[in-house]
Amino acid sequence: MKQNEWTKDGALKQKLISTRRTIHQHPSLSCHEEPTAAFIAKRLEELEIPCEVLLDGCSVVGTLQGKGDGPVVGLRADIDALPIQEETGLEFASQNPGVMHACGHDAHTTILLGAAEVLSGMRNELNGTVKFFFQPAEESIGGAQRMIEAGCLENPHVDYVLGLHINPAFEVGQVGLRRGKMYAASDMFDIVIRGKGAHGAHPDEGLDTIVVAANIVNALQSVISRRVSPFESTIVTIGKIQGGTVRNQIADRTELNGIIRTLDLKQRAFVTGRVREIAESVGKGLDASVEVNMIPSYGPTINDDAVFDVVADVAQRVVGEENVFYEDRPELGTEDFAYFTLERPSCFFHLGCRTPGTEKQVDLHNSRFTIDEDCLMVGVALQVENTLALLRHKKGE
Ligand code: NI
């Protein structure tokens, strides 16, 4: 990693590690982040960064005003933990039974606090303003959307937003970047088919919802295979079917539950629309009543080209060209940073957290997940340099 005055600062490195361990030891679940938020607010106050606590005490927004009237850059970290019993055996393992920072949000929070500390020391040279978004409920109901609704992107108006996620696929000192579409949009759907019960020996007297369900399942396969370009990544999965009670009776009700993943808003509208129309029209053709309930979840995470170019350039400078990996595929998982990318030119990237020279042991969301804490300083260096680079941009560029 490229060294400068503050990345060589051993005290900062030690502080990052101890901050991360404190947060790791005291994880809070989605929508219950009050203790973590209070810890963050206290740190920002120590740094003399004015902050506001939002969303019933679960979220913190700090605003660091520089000297110049340049752009406003928002940096986001998700702060919630998962309902997992930690099994790492670490001396600073979670003290909250059944709750664990298994997705690295302890590292994200620490990196953002570290960036706040470094940037606050430069406040007299900053050509613009930096807002620090400590966001709750990434793992559940979409805290990003709620923060945006609460006004975090205004007063002052934010021009760009950056976020990162640690990723054990990469070693410490490596960065994973992807231009454009990065994570999928997610929608859930329930299809309820209502027919008429009868004895299995007299199907003509009933209306068999299991046969209707089978036709709907088959017809839905044509959405991806026949109506979406083979070069697009899209998913329609039905994970659950429930209908009928005994073998010799016509089922009067069958329910299908599934998910849809798409990579942009146009595809999302098309696929969710087709699933609804096909289910309803197959049902109609077979005389059954079909009710489709579409439950939208996170939107697609799409990196802005101009912001991406800045982040890629900074990454090459900070970790070296050979350590920047351009990911060739988007992920069909989800990330609620999506809501920021839909509102402002933004960029999200992956930060390596695996000890160099070791194999990947376990993935995120595993009870034995751990990180190499050297990734914390790399994350701080990247977010500080990204911020400084974006602040040199003219507004709206
Ligand atoms: Ni996560």
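When only the Cβ of Lys, Arg, Asp and Glu is charged (+1, +1, -1, -1), the dipole of the stretch 185-296 relative to its Cα centre reaches about 320 debye.
Residues of the stretch 185-296: accessible area per residue at 1.4 Å, in Å²?
Values: 6250 Å² over 112 residues.
That works out to 56 Å² for each residue.
Ordering Asp328, Asp363 by accessible surface, largest first, gives Asp328, Asp363; the 1.4 Å probe counts only protein heavy atoms, with every chain in place.
When Glu125, Glu46, Glu331 are compared by accessible area at a 1.4 angstrom probe, the order from most to least is Glu125, Glu46, Glu331.
Please give the net charge around Ala219, taking every other residue with its beta carbon less than 13 angstrom from that of Ala219, where Lys and Arg add +1 and Asp and Glu add -1. All intermediate terms of the calculation are to be shown ahead of the outcome.
Values: positive: Arg226, Arg227, Arg274, Arg276, Lys284; negative: Glu277, Glu280.
My count for the surroundings of Ala219 gives +3.
Inter-label distance, Lys2 to Ile141: 4.3 nm, where each label sits 7 Å from its Cα along the C-beta direction.
Taking all protein chains together and rolling a 1.4 Å probe, Val53 ends up with roughly 80 Å² accessible. Starting from the stretch 67-172, pick out the trypsin sites (Lys or Arg not before Pro) whose DSSP state is loop and whose Cβ has at most 13 other Cβ atoms within 10 Å. Counting only loop positions with at most 13 other Cβ atoms within 10 Å, the trypsin sites (Lys or Arg not before Pro) in the stretch 67-172 are Lys67. Each Lys or Arg adds one and each Asp or Glu subtracts one; over the other residues with Cβ under 12 Å from the Cβ of Leu263, this totals +3.
Over the stretch 185-296, what percent of the accessible surface lies on carbon and sulfur atoms, probe 1.4 Å? Please list the in-between numbers first.
Values: 3180 of 6250 Å².
So the carbon and sulfur contribution to the accessible surface is 51 percent.
Which distance in Å, rounded to a whole number, links the C-alpha centroids of the stretch 81-119 and the stretch 23-74? Rounded to whole Å, the Cα centres lie 16 Å apart.
The solvent-accessible area of Tyr160, taken with every protein chain present and a 1.4 Å probe, is close to 10 Å². Remark on Leu29: its backbone amide H falls under 5 Å from those of Ala81, a criterion applied only to residues 5 or more positions apart or on other chains, H modelled at 1.01 Å from N. Helix-only arithmetic for the chain: the sum of -39500 (n - 2.57) across DSSP H runs with n ≥ 4, divided by the residue total, places the mean residue ellipticity at 222 nm at -10000 deg cm²/dmol. Taking a ≥ b ≥ c as the square roots of the eigenvalues of the Cα gyration tensor, an a/c ratio of 1.5 or more together with a/b larger than b/c marks the chain as prolate.
Since only Ala312, Gln361, Val324 are under comparison, the one whose Cα sits farthest along the positive direction of the charge dipole of the stretch 274-397, derived from C-beta charges on Lys, Arg, Asp and Glu, is Ala312.
The values are calculated or read from the model by the stated rules, or taken from the named source; none is laboratory data. None of these values were measured; they are calculated from a predicted model. Don't worry about glycine lacking a Cβ; one is built from the backbone with ideal geometry, like all the others, and counts go over all protein chains shown. The accessibility values were calculated without ligands, DNA or RNA, using every heavy atom of the protein model including side chains. Shrake-Rupley method; radii C 1.70, N 1.55, O 1.52, S 1.80 Å.
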